[in-house]
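Written out below as structure tokens is the structure these notes cover.
No value in this document is a laboratory result; all are computed from the given coordinates. Not measured: the values here are computed from a predicted model. Positions of Cβ are generated from backbone atoms using ideal geometry, with glycine treated the same way; all protein chains shown enter the neighbour counts.
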Amino acid sequence: MIQPTRVRGVFDYTAFLDVACHKHWTLFEAFFHTERVAHDESSQTTRQALAPDERLWKKALQNLSLGRSDQENLMILSKLARSEGIEALQVMMPYALDAQQLHEIETLGCHTTQRVEVDELLIEW
């Protein structure tokens, strides 16, 4: 019997931090972001036109915050990935997470984490 393949995603957290640091918000974007009008992002047309990684990137830009810890952002990111049907997410980090940070993500996020490389993390659920 053929096993179904798991949907895997890749997310560059370093690139997210770079984009978030250099984002210049217009008044409309700031208002739109605080109001969280999400019906546009969840439309069927958008879902069909973009790959799961691309949808995850768009949602991450709307939901992750530089004001949160990396652990909090990674837990939110994993929930967003799950909502997009991604079952395992490889995250490229700007630095290696320590054992305590990995434990916190696993405990609070209810999923497993493992280091793939020094600065790469695999989150599975």
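For the reader, a short list of remarks on this structure follows.
- Taking amide hydrogens as placed 1.01 Å from N in the peptide plane, the amide H of residue 12 sits under 5 Å from those of 92, each at least 5 positions away in sequence or on another chain.
- Nearest-0.05 FRET efficiency for residue 18 and residue 88, computed from C-beta distance (R0 22 Å): 0.35
- Alpha-carbon Rg/Rh ratio, for segment 44-125, with Rh computed the Kirkwood way: 0.97
- Order by protection proxy (mean Cβ within 10 Å, highest first), peptides 84-92, 114-122: 84-92, 114-122
- Here the extension length gained between residue 116 and residue 49 equals 21.1 nm, from 0.36 nm per residue of separation less the Cα-Cα distance.
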